[in-house]
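Enquirer: There's a structure below that I have some questions on.
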Amino acid sequence: MKRFFSFFIFLHIGLSAFTQDNLVNNREAVDLNLPSGKLWASCNIGADSPEQFGTYYNWANNPVQGYWDEVWRTPTKEERDELTQNCTYSVEYVNGVMGARYTGSNGNSIFLPFAGYYQSSSGPFNVGIGGQYWTYTPYGESDAHWILAANSPQQDDDSAYYWPLSYFSFPVRPVCDGNIEMVEIDAHPDPEAPSDYYATFFSSDHNYTLPEGSTAYTGKVIGSELILIETGTNVIPASTAVIIKSDMTPVTLTPTTENATVEKGDLLGYDEETSCEPRSMYVLSALNGIMGFYLYKGTTLGAHKAFLPIDAVQANVNVITFLFDEATDVEQILTRPHTTQTAIYNIYGQRIAQPAKGLNIINGKKVLIK
């Protein structure tokens, strides 16, 4: 039977950090051994224990990323179905509160209190009888959204969906991906400075934080040199391929919801181990006492690795070396003896006729013009 309701924003209850062992961004996460690996939160938004009702929200104020973070989210209908189809259902009391317990095949479980709903400023209604929880999935092309209906007895809620109008509100039980983990990457020691280590990194989906003692760079290829551009932040944004200089190996990167704006360079990357054609890219290595990007003869690139595509390099060379020079006085470059041709590039690798204000690359040297 279709149900047509509308929704109201009730007072937001303050959030608390959890202290249990299984945390995702300071929120307790429960592994129910679901096929997708998804983790469900142990309590509702606005609650600090599983039996608390938390905050009731209308759909227009869907709250997960507003009040928690970008890692957690409102579950989809598919994630709701995965929960109900792969967990056993029971009704019980927790600290005097009646609710539904979903127990996974590994014995872990989550408790959803029968919190009912609010209608305008009245309520809650249906408390102790059932609980309706939002999903993110619309019902077809209508205004309605599917919900997770936890009731006594368990309800087949394929037909339970609600119109997001103005005066009914429900709680939210968030989910998150279970594969957001710290990443350890091995770094190469610099043959010329063994206390410095270099690595590349790429993630398309998540932002990561650098450990102390590490610096991230993007890069622009000019001729046979890679101009390293410091990002100026300890956050590596998703879909940004970087070179990492560190005082340690391995380098441990931590997932974060903090964001940063970083200008992308010529580096690209892959999340998973990927097959590639020989000599189709340059990869980071230290050969013959020189750290650089070497023409790769292999056929597999490792997970989370960055590389320089062959078409980013105009010169026909086997190695692309780094350029870390400090900015040099422009007059020294333009008047250097034995220079038969002056090659001037901007920081984007575009050749220009005259030096411009800002950072220039003149005959392979960085030149800062104020």
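Enquirer: Looking only at segment 112-127, filter to residues that are within 37 Å of the chain's Cα centre (by Cα) and not hydrophobic (A, V, I, L, M, F, W, C); which one of those is modelled with the highest pLDDT?
Expert: The residue in question is PRO113.
Enquirer: Here's a follow-up. Let me confirm something: among GLU92, GLU78, GLU82, which residue is open to solvent by 50 Å² or more (accessible area, probe 1.4 Å), modelled with pLDDT of 90 or more and under 18 Å from SER42 (Cβ atoms)?
Expert: On the way: GLU78 fails: under 18 Å from SER42 (Cβ atoms); GLU82 fails: open to solvent by 50 Å² or more (accessible area, probe 1.4 Å).
Going through GLU92, GLU78, GLU82 in turn, the sole match is GLU92.
Enquirer: Consider GLY37 carefully, then state whether it is part of a loop (DSSP other than H, G, I, E, B) and free of Cβ contacts under 8 Å to residues at least 40 places away in the same chain. I'd like the intermediate steps shown before the answer.
Expert: On the way: part of a loop (DSSP other than H, G, I, E, B): yes; free of Cβ contacts under 8 Å to residues at least 40 places away in the same chain: no.
For GLY37, the condition - part of a loop (DSSP other than H, G, I, E, B) and free of Cβ contacts under 8 Å to residues at least 40 places away in the same chain - is not met.
Enquirer: Of these, TYR133, TYR167, which one is more than 18 Å from LYS305 (Cα to Cα) and either in contact with a Cys (Cβ under 8 Å, 6 or more places away or on another chain) or at pLDDT 80 or above (or both)? Steps first, answer last, please.
Expert: Values: TYR167 fails: either in contact with a Cys (Cβ under 8 Å, 6 or more places away or on another chain) or at pLDDT 80 or above (or both).
It is TYR133.
Enquirer: Okay, next question. Looking at (1) touching a residue at least 60 places away in the same chain (Cβ under 8 Å); (2) under 30 Å from ARG73 (Cβ atoms), which is the only condition GLY292 fails?
Expert: (2)
Enquirer: Just wondering, is there one or more residues in segment 103-118 that are open to solvent by 20 Å² or more (accessible area, probe 1.4 Å), out of contact with any strand residue (DSSP E or B) (no Cβ under 6 Å at 6 or more places or on another chain) and within 23 Å of TYR57 (Cα to Cα)? Give the steps one after another, and end with the answer.
Expert: Of segment 103-118, the ones open to solvent by 20 Å² or more (accessible area, probe 1.4 Å) are 103, 105-109, 117-118.
Remaining after also requiring out of contact with any strand residue (DSSP E or B) (no Cβ under 6 Å at 6 or more places or on another chain): 105-107.
Still in the running and within 23 Å of TYR57 (Cα to Cα): none.
Scanning segment 103-118, I find no residue that is open to solvent by 20 Å² or more (accessible area, probe 1.4 Å), out of contact with any strand residue (DSSP E or B) (no Cβ under 6 Å at 6 or more places or on another chain) and within 23 Å of TYR57 (Cα to Cα), so the answer is no.
Enquirer: Within segment 287-303, how many residues turn out to be within 26 Å of MET182 (Cα to Cα), hydrophobic (A, V, I, L, M, F, W, C) and open to solvent by 20 Å² or more (accessible area, probe 1.4 Å)?
Expert: Total satisfying the criteria: 1.
Enquirer: Farther than 30 Å from TYR56 by Cα, modelled with pLDDT of 90 or more and within 21 Å of the chain's Cα centre (by Cα), is that true of ALA187? Spell out how you get there, then give the answer.
Expert: Details: farther than 30 Å from TYR56 by Cα: yes; modelled with pLDDT of 90 or more: yes; within 21 Å of the chain's Cα centre (by Cα): no.
No; evaluated as a whole, the condition is false for this residue.
Enquirer: Pairs under 8 Å by beta carbon, first residue farther than 21 Å from ASP186 by Cβ in segment 253-267, partner open to solvent by 40 Å² or more (accessible area, probe 1.4 Å) and not in a loop (DSSP other than H, G, I, E, B), six or more apart or different chains?
Expert: GLU263/ILE229; GLY265/ILE229
Enquirer: Let me ask you something else. Looking only at segment 325-350, which residues are open to solvent by less than 80 Å² (accessible area, probe 1.4 Å) and either within 22 Å of ASP266 (Cβ to Cβ) or at pLDDT 65 or above (or both)?
Expert: Within segment 325-350, ASP325, ALA327, THR342, ALA343, ILE344, TYR345, ASN346, ILE347, GLY349 meet the criteria.
The values are calculated or read from the model by the stated rules, or taken from the named source; none is laboratory data. Not measured: the values here are computed from a predicted model. When we count neighbours, we look across all protein chains shown, and the Cβ atoms used for this are built from the backbone with ideal geometry, even at glycine. For the accessible areas, the whole protein counts, side chains as well, though only heavy atoms, and no ligand, DNA or RNA atoms are used. Shrake-Rupley method; radii C 1.70, N 1.55, O 1.52, S 1.80 Å.
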